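Chemist: One structure, pasted below without further comment.
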Amino acid sequence: MKKVIYIYKRTDNPENTYKIGKADQRMNQTEDITVDEIGKIRISEQMTAATYGKFKVVTTFDISHVESSTAVEHAIHNGIQAAGYDRLKRTIGEKNGNTEWFEFGDANEGQVLDLVKVLVEKYAGASGLSKYTPRGYQSHVKDQILKAIDDDGKIIGAELAARFGKTVWTLDVFKTLTEEKGFQYLLLPAYVLTAHASFQKELRSFSDFDDMLFISDKDENFEEKVRANADKKLVIATSLHTLEESLGKYNAVAELDKSKKIAFIDEADFGAHTESSKIRIDALDVDTKVIMTGTAIERALAGYEVDSIIKWSYFDMLLLKDGIHPMLDTLSKEERQVAIDSCAVIVRPNLFKMVMPNAAGLQESLPDTLQTKWSKLLEDVDMSKDILKMLLKAMFLSDDSGIAELNSLSLNSVTPADVTMIFGAFKNKIQHGKFTRLLEGALGDDFEVVKVNGDETSNRKAEIDVERVVAKARRLGKRVVIVSKDMASRSFSIPEIDTVFLMYDQGLLSQTVQKSSRAFTPGNTYYGDAKKTGTIVSLSMDANRLEADPIDLYVMAETERINDDEESMQESIRRICKSANIFRNDLVFGAVKVEGDEYAEEMLKRSSVLKDIIATMSLEQIDPTDFENALLDNRSTNPNRRTDNNVSVNISNATSAITDREERDREPITPDEEKQFIKNVIFFTTNITALKEIEGFNKSDLTDLIAEVSERGLESEVEEFYGLTFKSIKRLIETKALPTRLLNTILENHVAEVLTF
């Protein structure tokens, strides 16, 4: 008979409580039932009318080998109390009784699991944990990492999409490295410290990692623990916020055998790539590093001599789900199906590109405050309140204005919008608050509106608060709208979010990808059905604008990430469109699906949009500090290069792209020089066709063109035109800091007007 110890928690309650109970296989349950299924059935029976809210099964332990599950359960409950955690009680009249719920104070989920696992081992004689089975694509990427290390790679970039499952995958890679390559120490330098709790949890969720010891630099006697356990397999969590005067505590880590150490650095684009973070990583004295990020891997790797870059995008998972990913060609029939099934829960994107029809002609019927950019509309909510109310009502409610153009903005045809998250270009928190109040008034009592702001709450607390609002709204039959500027764009996983509305005109690619991903959290919909799609909405206020909107940027960036140099951009766009549904609004038919061929042709014809996309992608991926020597050369050899007066490019995002860089002791490059460098790089990308306009140049490949410039001795002329040293230009291309496939597409479609130098 199979027996189980289970743990589950309520996720929409700020109290840190867990229920620990037992379940036994029943006579009517078949022999092939799993211990997980036994536990979930028992837990589901406890979801009665007396319970409410949102619950999460943390894990189950297999204790089938023991004689009495009741005795083990009783011993575990006593052990938890002996560890200093309170058991919750129930009182009915004058009678008191114990529950199976425990209050764990400030302990995180990983620590709770660790305690219960130790108690299960003590009283059941084994951990009882299940084995980890990697998904097909996780094994595929793992093999690529192992090959890179086999090839003596020391710095490996890994751009892994949201929903990849990086935490347990990292542990699995490390396990294989310990077995096959002699590694012994996994270092986890982290900028976002919540990642450590995730690692600790996963470490204690699978029996595969039983022989690994987790040590945090927040532990008392950290150095002593590291030295005392140097003969064991260690998972060592360190902070990239550690004060410089406290870096000495990492001496114990530095003393460990360097050949047996590997560091996995996550969220590197977010903060781990800065000079300050690199100092803290260097203190660990580790050679082999895997630098992970969800987006902008080139920027995350700035300053490193990279041996290889491995990418796995969200669209890779969609292609796998649809059975058309190239990796399937290398698998057997059985392996193919397993790999496809591993992506069954991946949510398919609906991308709704809305345009305000006839914006200019509507001035007579719409308020004078109509603006053509979100940044202008949201700069002063009071001034824009009339048009904002009309837009919001048209999107979320039936329009009653009598204006036909507004009817085409309804979301009803592509998404239920039961739980919508709005990311807006609010000027400040005051305007953020005003918009939230305006939204409440415009939508009325059928909606619950939630504001999330980093000045008022933490990301984790915001997630709990929103979960509670969603649960309450569901009981009351209301819809939910969450309003944010930037907060909750990472590590904010609420499956019920079915729609993300991007209320901004442009933005950094990484931010757009992260924000969009909030609609792709798998699970159940608002009404409990399996979630199949998530919808991203953008609204351009002017149909005649030439700039790319966030959805164009998202699609083209995913197209650029396809690692197939033999495939044309048009073919890559078609491939993306097979896995995502793209819609646009129409005055007569409402939402109309756009075919991949049509979208590809339209995008590749709009060179101005492509240039805008390329400029945005280049801006995000370039760290001027990686080009410090070239900048210094630039300064010393020709101080009168291109200036602000003769460079006409949009660098509105340049400040946000470099603000996360830390102050350095030595400041050889001024902020103005950094900004000028970025401007000149963008000038280079938006004027790339000038390279084809040199007499005798007929190539359409950027690498070939640069080689020909060098062969013909025209480096100084190219430098003078672009305001960049030739060394910088070559490095930008060689390090793939620029979207070269897109640039080559522009070159291929350009008819040169010959220039002679």
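No value in this document is a laboratory result; all are computed from the given coordinates. What you are looking at is a predicted structure, and each value in this text was computed from that prediction instead of being measured. Reconstructed Cβ throughout: ideal geometry from the backbone, glycine too, with neighbour counts over all protein chains shown.
Chemist: Along region 419-435, what does the Karplus equation 6.51 cos²θ - 1.76 cosθ + 1.60 (θ = phi - 60°) give for ³J(HN,Hα), rounded to whole Hz, x for Gly and Pro?
Modeler: 10, 10, 10, 9, 10, x, 7, 5, 5, 7, 5, 5, 5, 4, x, 5, 5
Chemist: Note the listed values (i) 1.02; (ii) 1.16; (iii) 0.92, then indicate which one is Cα Rg over 2.2 N^0.38 Å calculated from this particular structure.
Modeler: Matching entry in (i) 1.02; (ii) 1.16; (iii) 0.92: (i).
Chemist: Suppose a student asked you for the relative contact order of region 430-589, using Cα pairs under 8 Å spaced at least 6 residues apart; what percent would you report?
Modeler: 17 percent
Chemist: List the extent of the Cα atoms of region 264-351 along each of their three principal axes, largest first, rounded to whole Å.
Modeler: 47, 32, 18
Chemist: Can you list residues from other chains, or at least 5 along the same chain, whose modelled amide H is less than 5 Å from the amide H of Phe183?
Modeler: Thr178
Chemist: Another question about this same structure. Run the numbers on region 75-174 and let me know its relative contact order in percent, using alpha-carbon pairs under 8 Å that are six or more apart.
Modeler: Across region 75-174, relative contact order equals 18 percent.
Chemist: Report, to one decimal in Å, the Kirkwood hydrodynamic radius for region 480-527 based on all distinct Cα pairs.
Modeler: Mean inverse Cα-Cα distance, inverted, gives 11.3 Å.
Chemist: Students often get this wrong, so check it: of Lys3/Lys95; Lys40/Lys218; Lys40/Lys532; Lys56/Lys232, which have C-alpha atoms separated by over 27 Å?
Modeler: Beyond 27 Å between Cα atoms: Lys3/Lys95; Lys40/Lys218; Lys56/Lys232.
Chemist: Could I ask something else about it? Taking the Cα atoms only, what angle lies between the long axis of helix 550-561 and the longest principal axis of the chain, rounded to 10 degrees?
Modeler: 90 degrees
Chemist: Please give the net charge around Asp445, taking every other residue with its beta carbon less than 12 angstrom from that of Asp445, where Lys and Arg add +1 and Asp and Glu add -1.
Modeler: That sum, taken over residues with Cβ under 12 Å, equals -1.
Chemist: Using only the alpha-carbon atoms, how far is helix 671-686 inclined from the longest principal axis of the chain? Give it as 0 to 90 degrees, nearest 10.
Modeler: Taking the Cα atoms of the chain, the angle to 671-686 is about 70 degrees.
Chemist: What ratio of Cα Rg to 2.2 N^0.38 Å holds for region 185-276?
Modeler: That ratio works out to 1.06.
Chemist: Another question, then. Need one number for region 3-124: average projected area of the convex hull over its C-alpha atoms, nm².
Modeler: 8.6 nm²
Chemist: Please sort by residue number the GluC sites (Glu not before Pro) in region 200-265 whose DSSP state is loop and whose Cβ has at most 11 other Cβ atoms within 10 Å.
Modeler: Answer by residue number: Glu220.
Chemist: Any chance you could tell me what percent of the C-alpha pair distances in region 685-740 go past 12 Å?
Modeler: The calculated P(r) of region 685-740 puts 65 percent of pairs beyond 12 Å.
Chemist: Now for a separate question. Ranking request for peptides 97-108, 375-386: highest mean number of other beta-carbon atoms within 10 Å first, then the rest in descending order.
Modeler: Going from most to least packed, we get 375-386, 97-108.
Chemist: Further question on the same structure: In region 42-135, what trypsin sites (Lys or Arg not before Pro) fall in a loop by DSSP, with at most 12 other Cβ atoms inside 10 Å?
Modeler: Answer by residue number: Lys131.
Chemist: Regarding region 348-605, what are the three Cα extents along the principal axes, ordered largest first, in Å?
Modeler: 52, 45, 32 Å, listed from the longest principal axis down.
Chemist: What FRET efficiency comes out for the pair Asn96/Val588, r = Cβ-Cβ distance, R0 = 56 Å, nearest 0.05?
Modeler: In this case the efficiency is close to 0.25.
Chemist: Further question: Compute the acute angle (0 to 90°) between the alpha-carbon long axis of helix 69-82 and the principal axis of greatest extent of the alpha-carbon atoms of the chain; round to the nearest 10°.
Modeler: Tilt relative to the chain: about 70 degrees.
Chemist: Just the Cα atoms of region 136-312: what Rg and Dmax do they give in Å?
Modeler: For region 136-312, the Cα-based Rg and Dmax read 14.9, 45 Å.
Chemist: While we're looking at this one, here's another question. How high is the relative contact order of the chain, in percent, with contacts defined as C-alpha pairs under 8 Å that are six or more residues apart?
Modeler: Once normalised by length, the contact order is 11 percent.
Chemist: From the alpha carbon gyration tensor of region 59-127, can you work out the equivalent ellipsoid semi-axes (sqrt of 5 times each eigenvalue) and give them in Å, largest to smallest?
Modeler: 23, 17, 9
Chemist: Sum -39500 (n - 2.57) across every DSSP H segment of at least 4 residues in the chain, then divide by the residue count to get the 222 nm mean residue ellipticity, nearest 500.
Modeler: After summing the helix terms and dividing by the residues of the chain, the value is -12000 deg cm²/dmol.
Chemist: State the dimensionless ratio Rg/Rh of region 132-203 (Rg: radius of gyration of Cα atoms; Rh: Kirkwood radius).
Modeler: Checking Rg against Rh, the ratio lands at 0.94.
Chemist: If you plug each phi of region 304-313 into the Karplus form 6.51 cos²θ - 1.76 cosθ + 1.60 with θ = phi - 60°, what whole-Hz ³J(HN,Hα) values come out, in order, with x for Gly and Pro?
Modeler: Result, rounded to whole Hz: 9, 8, 8, 8, 6, 10, 10, 10, 9, 9.
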